[in-house]
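One structure below.
The values are calculated or read from the model by the stated rules, or taken from the named source; none is laboratory data. Everything numeric here is computed off the predicted structure, so don't read it as measured data. Neighbour counts are summed over all protein chains in view; Cβ atoms, including those assigned to glycine, are modelled from backbone coordinates with ideal geometry. With ligands, DNA and RNA removed, areas are computed over all heavy atoms of the protein, side chains included. Shrake-Rupley method; radii C 1.70, N 1.55, O 1.52, S 1.80 Å.
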Amino acid sequence: INRDAQKDSMPIELMGGEAKMTDFLQAFSHWTYVSSNHKVLLCDLQGVLNQEGRSPVFELTDPAICSDRSEKKYISFGRTDIGLKGVRQFFRAHKCNTVCRCLGLPKN
């Protein structure tokens, strides 16, 4: 997320507490892993927060996909797909936040 959008965005009040815009991206990555039955993680999310419309929209570019390539039916998603090593790196750095809790995601 660009730093200006991050500075200017107000925290959002959710039923589970307050969330920053960046919390949504972290929770989205976490959600992709859980919803894919731990087979795929969409991570390294970059882009801008477009606040010009009715609702803020994340415009993301160049995400990385890390997949569990231990099953032959899953193919590599390119050079940035470093497999379970990438998944471990993400969850080592990820701190579950208000959005994760509101989505009912398990703690990492």
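If I ask for residues that are among the aromatic types (Phe, Trp, Tyr) and open to solvent by 80 Å² or more (accessible area, probe 1.4 Å), which ones from region 61-87 would you list?
Filtering region 61-87 down to residues among the aromatic types (Phe, Trp, Tyr) leaves 74, 77.
Matches in region 61-87: PHE77 only.
Just checking, which of PHE28, PHE58, PHE90 is open to solvent by 70 Å² or more (accessible area, probe 1.4 Å) and either at pLDDT below 85 or touching a strand residue (DSSP E or B) at 6+ places or on another chain (Cβ under 9 Å) (or both)? Outline the logic, then answer.
Details: PHE58 fails: open to solvent by 70 Å² or more (accessible area, probe 1.4 Å); PHE90 fails: open to solvent by 70 Å² or more (accessible area, probe 1.4 Å).
Only one candidate qualifies: PHE28.
Which residue pairs have Cβ atoms closer than 6 Å, lie 6 or more positions apart in sequence or on different chains, and pair a first residue in region 16-38 that is touching a residue at least 60 places away in the same chain (Cβ under 8 Å) and part of a loop (DSSP other than H, G, I, E, B) with a second residue that is of a type outside the set (Phe, Trp, Tyr) and open to solvent by 80 Å² or more (accessible area, probe 1.4 Å)?
Pairs found: GLY16/ARG101.
Being assigned to a loop (DSSP other than H, G, I, E, B), more than 17 Å from LYS20 (Cα to Cα) and not hydroxyl-bearing (Ser, Thr, Tyr) is true for just one of GLY86, GLY53. Which residue is that?
Details: GLY86 fails: assigned to a loop (DSSP other than H, G, I, E, B).
When all the criteria are applied, what remains is GLY53.
Could you count how many residues in region 40-50 are in a loop (DSSP other than H, G, I, E, B) and open to solvent by less than 40 Å² (accessible area, probe 1.4 Å)? Let's see the steps before the verdict.
From region 40-50, those in a loop (DSSP other than H, G, I, E, B) are 44-45; that's our starting set.
Pick out the ones that are also open to solvent by less than 40 Å² (accessible area, probe 1.4 Å) and you get 45.
Selection size over region 40-50: 1.
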